[in-house]
Structures are given as C-alpha cells and as structure tokens.
Amino acid sequence: VISQRVDEVLFHDFNFSTVCKRLCQCCSAFHYLNLLKECKKWEEQPLLQEEVEDEMKDVKEKKDMLEDEIRSKNSKATSLTTWMDDETKCCCIVDCGFSFTHVVPTFDARAVQKGIRRINIGGKILTNLLKEQISYRQWNMMDDFAIVNSVKEDTCFISPKRTDFDEFMLYARQTKKGLRSFDRDFVLPDFVHSFQGKVELPALLRRKMEWEERQREKKRKEEEEKQKKATEGEKGADTSGTIAEDNIPATSKEEDAEKNKTEAAEKDENYDEKCDASKNDDHDDKDNNNDDDDGSESDDNSDEEDEKTKQQKKKENLLRLQKQRQKEIERAKYIQEQEQQSLEISVERFTIPEIIFTPSYIGLVNSCGLGEAIVQSIQSCDAELRAALYHNIVLTGGTVLLPGFKERVEMEVRSLAPDNYVVRVFLPEDPVHFAWKGAHELVRQKEFLDESCMSKKQWEASKEMDTTTNQQAKTADDGVSPGLGKSEKEVGLIIM
C-alpha cells in the first residue's frame with residue numbers, strides 16, 4: 001500500500017514521466033565498481049611516444065583524480081593496483097545512516113536479498129543519547145538537536161579496540177575531570193558574534209600542557225649549554241698546541257719592541273713639524289669666520305632640538321595608544337570568555353559511538369554489533385561470493401566519518417572472519433554523497449532505463465488492472481459470479 005501511494009505521488013502530483021526504484025546501497029555499489037573500471041582503464045592504457053605533452057598531462061591529471069577518490073583520508077596508502085586485483089563485481093555496502101545501519105552484499109550492483117542485515121542504530125540515536133547525557137549533567141539541551149549534532153561530529157571518536165575502551169574508562173576513573181587527555185570544551189554559539197560552536201582545551205589541561213612545554217624548553221636549553229661547554233673544551237684542547245710558540249725568550253722580544261718605538265718616534269717628530277705650519281695658517285682664517293657663523297649655528301641647533309622633541313612626543317603618543325588598544329582587546333576577550341557558555345565533553349566522546357559496535361550498552365541485547373552483522377551478512381551468501389565480499393567492504397553514510405570508524409570495522413571483521421579470507425575496508429572521501437553519485441551514473445545508461453524504469457502509461461495500466469482484480473475479489477466475496485455466470489471455483493482460479 002505504501003509503495004502504491006508513493007507511485008501516485010510521483011506520477012500524479014509531481015508529474016514524472018518515468019520512475020525507477022533502486023536501493024541506495026545498490027547505487028553505491030554501482031559507483032564503486034565504476035571507479036574500479038575507470039582506474040583500470042587508466043592503468044592499462046598504453047601511452048604512445050608520439051602523443052603531445054599536453055595530452056600526457058591531461059591523462060596524468062585524470063589518473064591522479066581517480067587515485068584521490070579511491071584513497072580515503074584514513075586509509076593506509078592503498079595503491080590502485082592492489083585495489084583492482086579482483087574482478088568479481090562484488091562488494092559489501094555498509095550504510096551507517098541517520099536512522100538505521102544497513103549491511104547489503106551486492107553482486108553486479110544488485111542486492112543479495114538473503115544477506116541483507118539491519119541494525120536499529122544510526123546517527124539520530126547517537127545524537128539523542130548525547131543530548132540526554134549533556135542535559136542530565138550540565139545544560140538543558142533537549143530542544144537543541146542541531147547544536148548537539150555538531151558537538152557529536154566535532155568531538156566524538158571511536159576507540160580502535162574494545163580493550164582500548166576499557167583502558168579509557170579506567171584512566172577516566174583514576175584522573176581528575178579536566179586533566180584527562182581526551183577532555184574538551186565545546187563553546188556554544190551566542191548567535192551574535194558567532195553562529196557555530198568551536199572546540200577548545202579545558203583550562204586545567206591547557207595549563208598542564210603549557211607547564212610541560214616549559215619543562216621541555218628548560219631541558220633543551222640545558223642540553224644546548226652542555227653541548228656548548230663540550231665544544232669549548234674541545235677547542236681548548238686544540239689551542240694547547242699553539243702555546244709552544246709563546247715560549248720565545250723575553251730578552252729578544254723586549255729588544256724588538258724598543259727598536260720599533262724609536263723608529264715610530266722619529267717619524268712622528270718630522271710629521272709634527274710639517275703640520276704646525278699648516279695649522280697656524282688655517283687658524284687665522286677660522287677666527288675670522290667663526291664670529292659670523294656663531295649666530296646662525298645657535299638658531300639651527302634650536303630648530304633641530306624642537307623637531308626632535310616633537311618626534312619623540314609623537315612616538316610616545318603612538319606607543320600609548322597602542323598599549324591602550326591592546327588592553328581594550330584583552331579586556332574584551334576576557335569579558336567574552338567569561339560570558340560564553342561551554343559544554344564539558346569528556347567520557348561521552350567515545351562512549352556514545354561505542355553503541356554501534358556494542359548495542360547491549362543501551363539494552364539492545366538481541367541486536368548484534370556492526371562487526372558481527374557484517375560477518376553474518378557475508379556468511380549467509382553463497383560460498384563463491386564470500387572471498388570477494390570480504391575483500392571489498394565499502395563504508396557509506398555520515399556516521400562513518402567519525403575518527404577511528406574504518407580501523408575499528410576492519411579490526412572487528414578481521415577478528416570474526418575466517419583466517420583464509422583477506423579483509424579490506426574502503427572509506428571514500430565523500431561517503432555522504434557516494435550513493436547519489438552512483439544514482440547519477442545509473443540514470444545515464446539506456447539499458448537501465450529500459451529494464452528498470454516504469455513509465456506513466458505502464459503505471460496507469462497496472463492501476464486499472466488492480467482495480468479490476470479488486471472488483472472481481474469483492475464480487476467473489478459477495479457470492480456474485482462476474483461476467484457470464486461462472487461458478488465459485490472458476491472465480492477462485494481467476495483471482496489466483
């Protein structure tokens with residue numbers, strides 16, 4: 001009934017000419033397979049020596065763009081050649097969305113129905129749980145879903161292992177709140193100066209880190225001083241070889257010094273006699289000119305002193321204004337820090353996302369974690385497809401962007417899967433729009449439009465058929481034979 005209502009809205013209200021229904025996970029699988037095909041083309045394409053350099057550059061640029069799409073932000077430098085080894089057209093799509101988490105194994109971009117699994121946990125539940133925790137411990141944020149959602153996206157992370165989760169909890173019990181390495185303050189927007197929140201370190205943790213940096217600088221300076229002293233000691237050892245030159249007899253040195261002094265004195269006496277005559281002539285001329293220049297020099301000196309004092313006053317005023325501005329800026333920052341409201345996020349950063357992998361923490365005892373769901377989904381498929389599905393696990397959805405998600409999925413699946421299978425997890429750069437890109441590529445294919453789409457005429461014809469069958473069913477229930485007086489057995493055959 002729901003699908004019929006949806007078709008009626010699409011054809012009647014929106015007036016679409018053709019409609020096709022396809023799972024978003026299948027669209028993601030189609031886009032993933034297309035990426036592998038395109039990358040393989042660029043790897044196998046032979047480049048002729050006669051081609052122009054510009055064409056070579058274009059090919060390289062396209063190849064680099066495809067490599068960037070294949071390599072994820074958190075992947076460990078997976079090369080394209082290793083990613084294209086299998087040509088099985090199989091992949092297991094893990095879609096961790098807003099409301100649910102689906103695991104859909106696919107073959108040739110078509111879902112394997114018996115392997116589909118669903119976990120009733122998504123980004124919405126995580127945000128609601130974080131909202132309840134914050135409202136219980138700090139501020140009432142029950143009506144601010146968008147702000148709490150941004151808190152989750154900016155601060156939450158997933159512990160790489162389950163043992164790390166237990167270690168984090170033990171560390172949180174033993175250390176004071178505000179001094180833990182994972183503690184953060186989320187400054188709420190005031191919608192006057194800022195419209196988005198920001199993450200900051202707590203004051204205690206900031207002071208602790210500053211003190212540690214000072215200690216490191218002191219140690220570094222001490223090591224540098226020790227190295228300088230060691231180098232100076234080595235230089236002193238090198239200069240010890242030159243001391244032997246100073247062991248010349250003192251008598252010979254004194255005689256040489258006296259000879260140099262007498263020669264210099266004789267030269268100075270001859271030079272002084274020549275200079276005295278020239279000085280006397282110049283002195284007479286200067287005496288005549290000094291009387292005229294005394295008045296002008298005094299005026300020039302007074303003007304220069306006035307200019308210097310003015311410049312000094314200007315500099316002093318500028319420095320004073322700069323200091324006042326700095327004080328005002330610091331005061332405004334201090335007032336803003338005192339007035340701003342912040343949320344203290346500590347253990348919630350990793351306990352809230354842990355629910356995806358261990359739903360029993362919130363009472364979902366019958367639900368399995370994400371790693372178990374992936375293994376169950378793949379193991380329920382045919383044995384011929386299992387190796388390829390383990391080798392091509394694709395993560396999509398907004399929740400997979402949490403730090404540590406890819407590593408945790410890989411670790412969980414590796415620990416539960418058989419040893420003879422190779423586990424490989426792919427995280428695209430844009431997992432949110434990954435399915436949309438696949439749907440955009442699907443629509444461009446004529447084969448897909450001919451096989452999977454339903455036109456408006458076909459829908460109207462099927463609707464008429466449904467109405468006729470419903471009328472026949474009603475007449476059969478009333479005991480009236482439709483048409484040419486058929487018996488009840490003949491009516492039952494028509495209904496089937």
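Here are a few things to note about the model shown:
- Only listed residue being touching a helix residue (DSSP H, G or I) at 6+ places or on another chain (Cβ under 7 Å), open to solvent by less than 40 Å² (accessible area, probe 1.4 Å) and not β-branched (Val, Ile, Thr), chosen from GLU412, GLU429: GLU412
- Candidate set from region 110-147 (those that are surrounded by fewer than 20 Cβ atoms within 10 Å (Cβ to Cβ) and charged (D, E, K, R)); member that is nearest to the chain's Cα centre (by Cα): LYS124
- The C-beta contact set for region 385-405 (first residue outside the structural domain of ASP95 (by the TED database), second residue crowded, with 24+ Cβ neighbours inside 10 Å and of a type outside the set (A, V, I, L, M, F, W, C), distance under 9 angstrom, 6+ apart or interchain) is empty.
- Sole residue being within 20 Å of GLU153 (Cβ to Cβ), in contact (Cβ under 8 Å) with a residue 60 or more places away in the chain and either surrounded by 10 or more Cβ atoms within 10 Å (Cβ to Cβ) or not charged (D, E, K, R) (or both), chosen from PHE191, PHE186, PHE195: PHE186
- Of the residues in region 152-166, at least one is in contact with a strand residue (DSSP E or B) (Cβ under 7 Å, 6 or more places away or on another chain) and assigned to a helix (DSSP H, G or I).
- In region 374-388 there is at least one residue matching the filter, namely being closer than 12 Å to THR101 by Cα and either open to solvent by 10 Å² or more (accessible area, probe 1.4 Å) or at pLDDT 90 or above (or both).
- Matching residues, region 166-179, being open to solvent by 30 Å² or more (accessible area, probe 1.4 Å) and touching a residue at least 40 places away in the same chain (Cβ under 8 Å): PHE168, MET169, LYS177
- Elements of the type helices (runs of 4 or more DSSP H) sitting completely within region 351-436 and holding at least 3 residues that are among the acidic types (Asp, Glu), out of contact with any Gly (no Cβ under 9 Å at 6 or more places or on another chain) and over 24 Å from THR163 (Cβ atoms): there are none.
- Consider region 2-16 and keep the residues that are open to solvent by less than 100 Å² (accessible area, probe 1.4 Å) and in a helix (DSSP H, G or I). The one that is modelled with the lowest pLDDT is SER3.
- Test for GLY404: is it open to solvent by less than 10 Å² (accessible area, probe 1.4 Å) and at pLDDT 90 or above: no
- GLU153 meets each of the listed conditions (1) within 15 Å of THR358 (Cβ to Cβ); (2) open to solvent by 70 Å² or more (accessible area, probe 1.4 Å) apart from (1).
- Of the residues making up region 389-401, those that are crowded, with 21+ Cβ neighbours inside 10 Å and aliphatic (A, V, I, L, M) are LEU389, ILE393, VAL394, LEU395, VAL400.
- Test: residue in region 199-220 that is touching a residue at least 12 places away in the same chain (Cβ under 8 Å), polar (S, T, N, Q) and either surrounded by 14 or more Cβ atoms within 10 Å (Cβ to Cβ) or more than 30 Å from LEU416 (Cα to Cα) (or both): no
The values are calculated or read from the model by the stated rules, or taken from the named source; none is laboratory data. All values reported here derive from a predicted model rather than from experimental measurement. Note that we place each Cβ from the backbone using ideal geometry, even for glycine, and neighbour counts take in every protein chain shown. Heavy atoms of the whole protein, side chains included, go into the accessibility calculation; ligands, DNA and RNA do not. Shrake-Rupley method; radii C 1.70, N 1.55, O 1.52, S 1.80 Å.
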